[in-house]
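Enquirer: Pasting a structure here, questions to come.
The values are calculated or read from the model by the stated rules, or taken from the named source; none is laboratory data. All figures in this text were calculated on a predicted structure; none of them were measured in a lab. Please note: Cβ atoms are built from the backbone with ideal geometry, for glycine as well, and neighbour counts cover all protein chains shown. The area values use the complete protein model at the heavy-atom level, side chains included, leaving out ligands, DNA and RNA. Shrake-Rupley method; radii C 1.70, N 1.55, O 1.52, S 1.80 Å.
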Amino acid sequence: MVYSTIVSNKPADPDERLVYRDIPTPLGDMRLVASPKGLRGAWFTDQELLPAADGWILTDSDPILEQARRELEEWFAGQRRVFDVALDPVGTTFQHQVWHALCDLEFGVLASYGDLARTVGRPKGAQAVGGAVGRNPISIIIPCHRVIGADTSLTGFGGGLPRKQALLAHEGNRYRSRSASARRVCDGQAELPW
């Protein structure tokens, strides 16, 4: 995937042209947002952190939004494991390090916050990594759902634990309950339907 890195400790440029569209998914509607460089955001429309669409242009004809929609549809259908859409999230240097590390997690592979902290060179920074994971603006495509507790507990997810459990099940990881403290059922991946 192409991942442009915009590092800023300030909000994105308010004059930048952003387009958006809402799409249906098996787990609820998602809002996709794109800049001219790539996908800027992908949130479930009922998420608390969903930004207001003030100044964004609603469109069904943007090629980046269409590519993201098509790739998500293929992913949910079990026809895709890797995303190719260009990404353009806005965040701090540290957030980008964490988001890049998330992008390196393969389909079905889980990591703890501590694992990610070690990956980005901050072995004692699991809490800081958790903050960066929680601010991931591109759900599923930057796969923050693949981050679990060191004891395999579900922990949290901006889209809600039922969605996280469903996303992990889609990738072959089973949890019996939707509690944040639920533990993974098996050490290996479950058999996938495709």
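Enquirer: Could you check how many residues of segment 17-61 are charged (D, E, K, R) and within 25 Å of Val133 (Cβ to Cβ)?
Expert: The number of residues fulfilling the criteria is 7.
Enquirer: Here is a follow-up. When you check Gly125 against the structure, is it without any contact (Cβ under 8 Å) to a residue 24 or more places away in the chain, open to solvent by less than 60 Å² (accessible area, probe 1.4 Å), more than 20 Å from Leu168 (Cα to Cα) and touching a helix residue (DSSP H, G or I) at 6+ places or on another chain (Cβ under 8 Å), yes or no?
Expert: When the stated conditions are applied, Gly125 passes them.
Enquirer: Pairs under 7 Å by beta carbon, first residue open to solvent by less than 10 Å² (accessible area, probe 1.4 Å) in segment 164-176, partner among the hydroxyl-bearing types (Ser, Thr, Tyr), six or more apart or different chains?
Expert: Hits for this filter: Leu168/Tyr175.
Enquirer: Quick check on Val98: is it modelled with pLDDT under 95 and either out of contact with any helix residue (DSSP H, G or I) (no Cβ under 7 Å at 6 or more places or on another chain) or not charged (D, E, K, R) (or both)?
Expert: Here the answer is no, as Val98 does not meet what is asked.
Enquirer: Does segment 74-88 hold any residues that are open to solvent by 20 Å² or more (accessible area, probe 1.4 Å) and either free of Cβ contacts under 8 Å to residues at least 40 places away in the same chain or in contact with a strand residue (DSSP E or B) (Cβ under 8 Å, 6 or more places away or on another chain) (or both), and which are they?
Expert: Glu74, Ala77, Arg80, Arg81, Ala86
Enquirer: Name every residue in segment 59-81 that is in contact with a helix residue (DSSP H, G or I) (Cβ under 9 Å, 6 or more places away or on another chain) and of a type outside the set (Asp, Glu), in order of residue number.
Expert: Thr59, Trp75, Phe76, Gly78, Gln79, Arg80, Arg81, listed by residue number.
Enquirer: Going through Ala117, Ala166, Ala128 one at a time, which residue ends up being assigned to a helix (DSSP H, G or I) and closer than 19 Å to Thr25 by Cβ?
Expert: Ala166 is the lone residue from the list that is assigned to a helix (DSSP H, G or I) and closer than 19 Å to Thr25 by Cβ.
Enquirer: Now a separate question. Go through Ala128, Ala180, Ala169 for me and flag whichever is modelled with pLDDT of 80 or more and farther than 29 Å from Gln79 by Cβ.
Expert: Ala128
Quick grid of which residues meet (1) of a type in the set (Gly, Ala, Ser); (2) free of Cβ contacts under 8 Å to residues at least 24 places away in the same chain; (3) open to solvent by less than 60 Å² (accessible area, probe 1.4 Å):
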| site | (1), (2), (3) |
| --- | --- |
| Val120 | no, no, yes |
| Val133 | no, no, yes |
| Arg146 | no, no, yes |
| Ser153 | yes, no, yes |
| Phe157 | no, yes, yes |
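Enquirer: Against the condition open to solvent by 40 Å² or more (accessible area, probe 1.4 Å) and among the aliphatic types (A, V, I, L, M), how does Leu58 come out, does it pass?
Expert: It is true that Leu58 is open to solvent by 40 Å² or more (accessible area, probe 1.4 Å) and among the aliphatic types (A, V, I, L, M).
Enquirer: If I go through segment 47-73 residue by residue, how many of them are acidic (Asp, Glu), without any contact (Cβ under 8 Å) to a residue 60 or more places away in the chain and part of a loop (DSSP other than H, G, I, E, B)?
Expert: Matching residues across segment 47-73 total 3.
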